[in-house]
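> Dropping the structure in here first, questions after.
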């Protein structure tokens, strides 16, 4: 799941006539997700990089995979990451994070899918 939010920067001066005025300040994309890691790929060849860090690059969150509609985050921060590996089970991951630079929101709406 991903969503963006903005924090307003408020100003009040004599020209505003007593009304609040402002502009959009800090933009951020909050995200969380999880899934299954392809454990047949040796981790030293293509590590998933899903651990707490501030430099996860080129992340895409697809809202419509067939139409190639996605959020694009060139740089992200991962705040929490939980990995699981049951015997005779799947390698799983769950993580949360935020954008760490500019980002592009998609045009169109559908269910979210995490791809890194």
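All of the numbers you see were taken from the coordinates with simple rules; none came from a lab. Keep in mind it's a predicted model, so treat the numbers as computed, not measured. Don't worry about glycine lacking a Cβ; one is built from the backbone with ideal geometry, like all the others, and counts go over all protein chains shown.
> Would you mind putting 71-78, 52-59, 30-37 in packing order, based on average other-beta-carbon counts within 10 Å, highest first?
Top to bottom by mean Cβ count within 10 Å: 71-78, 30-37, 52-59.
> Would you mind putting 88-98, 14-24 in packing order, based on average other-beta-carbon counts within 10 Å, highest first? Show your work: numbers first, answer last.
Values: 88-98: 15.6, 14-24: 8.5.
By packing density, highest mean first, the sequence is 88-98, 14-24.
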